[in-house]
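Coordinate-derived values only; no laboratory data. As the structure is a prediction and not an experimental result, all values here were calculated from the model. Cβ: placed from backbone, ideal geometry, glycine included. Neighbour counts: every protein chain shown.
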């Protein structure tokens, strides 16, 4: 069969219009890469929907908020849950993210032989500063699709908490935002109240400036125990 120029032009056009497809990684392949040492211990990556995503560095407020949240939930729930701090969870065969905090069900081996899966997870919390849009949309959809019952975003820039509930294939159907002075309950533990102030990073208080010797008005006597400039 002879290929004409017109046939070749049609083939070239169809090839140029064809969109490239990604070769998605499974969680098993991803874990094999980790075991083989492909990623060094300083690389912060996670697998989301078959794609290896580089995680943003944590700022001071991000790190502080994560630690405060972990300590608070341990005090609040005690031995009713396992609090996992920045450790992997397995959502499906293509997603193995590392949330800032997870409240997981008790497990005999404490997940020594596997990562928690959606049926083990009560709550996921992400601390967001520069990653707010990513946490809201990409991660939010992944958590909702997997059936995570409650997803919190601790927005350190706006000093508020976004509470997502009622997961579904298209995302979470309910969202509530809480600010300082408010509190909310937990889906898995309805009688437990969480105070927003206990999760937000502490605000540094500005100390009032002390009056210096130079600020004394003309003719004003210095306080007792203070030497005047003429002494």
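Points to keep in mind about this one:
- Qualifying positions in segment 159-176 - surrounded by 13 or more Cβ atoms within 10 Å (Cβ to Cβ) and either within 19 Å of residue 100 (Cα to Cα) or touching a helix residue (DSSP H, G or I) at 6+ places or on another chain (Cβ under 8 Å) (or both): 159, 160, 161, 162, 163, 164, 165, 167, 171, 172
- Residues considered: 161, 148. Of these, the only one that is over 18 Å from residue 118 (Cα atoms) and either within 16 Å of the chain's Cα centre (by Cα) or in contact (Cβ under 8 Å) with a residue 40 or more places away in the chain (or both) is 161.
- Residue match in segment 103-116 (condition: touching a residue at least 40 places away in the same chain (Cβ under 8 Å), in contact with a strand residue (DSSP E or B) (Cβ under 9 Å, 6 or more places away or on another chain), crowded, with 18+ Cβ neighbours inside 10 Å and farther than 24 Å from residue 48 by Cβ): no
- Matching residues, segment 133-145, being surrounded by fewer than 21 Cβ atoms within 10 Å (Cβ to Cβ) and in contact with a strand residue (DSSP E or B) (Cβ under 6 Å, 6 or more places away or on another chain): 141, 142
- Some residue of segment 12-27 being touching a strand residue (DSSP E or B) at 6+ places or on another chain (Cβ under 6 Å), surrounded by 13 or more Cβ atoms within 10 Å (Cβ to Cβ), touching a residue at least 12 places away in the same chain (Cβ under 8 Å) and within 23 Å of residue 157 (Cα to Cα): no
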